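Colleague: This is the structure I want to talk about, given as C-alpha cells.
The values are calculated or read from the model by the stated rules, or taken from the named source; none is laboratory data. Owing to the predicted nature of the structure, the values given are computational and were not obtained by experimental measurement. Here the Cβ positions follow ideal geometry from the backbone for every residue, glycine too, while neighbour counts run over all protein chains shown. Heavy atoms of the whole protein, side chains included, go into the accessibility calculation; ligands, DNA and RNA do not. Shrake-Rupley method; radii C 1.70, N 1.55, O 1.52, S 1.80 Å.
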Amino acid sequence: MNDQLVSWVETLMTASVFYPVLSVVVLIDCILPLIPSETVLALAGAWSGARGTPNLWLVISVATFAAIIGDNLCYFFGTRLINMVNRIPGESRRGKALEWARKNLNERDVSTIIIARFIPWARWFVTIILGSVGYSWSRFIVWDSIGALIWATQATLLGYVGGWLFQEQPLIGLVVGAALGIFFGFFLQWLNKVWERRRLAKVAAE
C-alpha cells in the first residue's frame with residue numbers, strides 16, 4: 001500500500017500538469033477554504049527535498065500568485081458575501097476565527113492581513129470583511145502579496161526540510177513538514193497575542 005501511494009504521489013509530482021493543478025487548489029482554498037492548501041505545498045516541498053522534483057521555486061511562485069488572485073477575488077466579492085459571513089454561529093470554530101479577524105482588523109490591519117494567511121478560515125474572513133467595508137485596495141494588495149509570499153515560502157520550505165531529512169521516506173518528510181507548518185502557524189498566533197498584551201500594557205501605562 002505504501003509503495004502504491006509513493007508511486008501515485010511521484011506520478012503527480014512529475015506530471016506536467018502539476019503546477020496548473022497546484023494553482024487551482026490554492027485558488028479554490030482562497031474562495032472556499034475546506035481543505036488547507038498548505039498540505040499540498042508541504043507535500044510538494046517534501047518531494048522536492050527528497051527527489052529534486054517539482055521545482056521548489058516554481059512551486060513557491062505559482063502558489064504565491066494563485067493566493068494573491070484568490071484573495072483579491074474574495075476582496076471584490078466582499079460586499080456580496082458579508083451577509084453569509086454574518087450568519088455564522090459565534091460559538092463555532094469558524095465563528096471564533098471570524099471574531100479574531102474582526103477584533104484584530106480594528107486594531108492593526110497590516111499584521112492581521114499577513115498573519116491571517118496562516119490561519120484557516122481567518123484569511124477568508126479578513127478578505128471578505130475588508131472588501132465589504134471599502135478598505136483601500138492598493139493598500140490591501142501590497143500587504144496581501146507580502147503575506148502570500150511569506151505563506152507560500154514557509155509552507156513549501158518546511159516541507160522541503162522534512163523531505164530532505166527523510167529522503168528515503170518522503171511520506172514521513174511530508175508529515176514532518178506539515179507538523180512544522182502547523183507549529184509555525186501557532187507560533188505566529190502566540191506572537192500576535194504577545195504583541196497585543198504589550199500594546200495594551202503600554203496604552204494602560206500612558
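Colleague: Pairs needed: first member in the range 167-189, polar (S, T, N, Q); second member anywhere, at pLDDT 70 or above and not in a helix (DSSP H, G or I); C-beta distance under 9 Å; at least 6 residues apart or different chains.
Modeller: Partner pairs satisfying both residue conditions: GLN189/PHE118; GLN189/ILE119.
Colleague: Among the helices (runs of 4 or more DSSP H) contained in the range 107-206, which hold 3 or more residues that are modelled with pLDDT under 80 and loosely packed, with under 14 Cβ neighbours inside 10 Å? Explain how you work it out, then say what you get.
Modeller: On the way: elements: 109-116, 122-132, 137-165, 170-205.
Those helices (runs of 4 or more DSSP H) span 170-205.
Colleague: Is one or more of the residues making up the range 76-90 touching a Gly at 6+ places or on another chain (Cβ under 7 Å), in a helix (DSSP H, G or I) and at pLDDT below 85? Lay out the reasoning, then the answer.
Modeller: Residues of the range 76-90 touching a Gly at 6+ places or on another chain (Cβ under 7 Å): 76-79, 88-89.
Now drop any that are not in a helix (DSSP H, G or I), which leaves 76, 78-79.
Now drop any that are not at pLDDT below 85, which leaves 78-79.
There is at least one residue in the range 76-90 that is touching a Gly at 6+ places or on another chain (Cβ under 7 Å), in a helix (DSSP H, G or I) and at pLDDT below 85.
Colleague: Is it fair to say VAL21 is of a type outside the set (Ser, Thr, Tyr), assigned to a helix (DSSP H, G or I), at pLDDT 90 or above and in contact with a Ser or Thr (Cβ under 6 Å, 6 or more places away or on another chain)?
Modeller: Numbers: of a type outside the set (Ser, Thr, Tyr): yes; assigned to a helix (DSSP H, G or I): yes; at pLDDT 90 or above: yes; in contact with a Ser or Thr (Cβ under 6 Å, 6 or more places away or on another chain): no.
Answer is no for this residue.
Colleague: Can you find, within the range 1-60, the residue that is least open to solvent (accessible area, probe 1.4 Å) among those that are of a type in the set (D, E, K, R) and within 19 Å of ALA155 (Cβ to Cβ)? Spell out how you get there, then give the answer.
Modeller: If we filter the range 1-60 for residues that are of a type in the set (D, E, K, R), which is where we start, we get 3, 10, 29, 38, 51.
Remaining after also requiring within 19 Å of ALA155 (Cβ to Cβ): 29, 38, 51.
On the way: ASP29: 8, GLU38: 36, ARG51: 97 Å².
Only one residue tops the list, namely ASP29.
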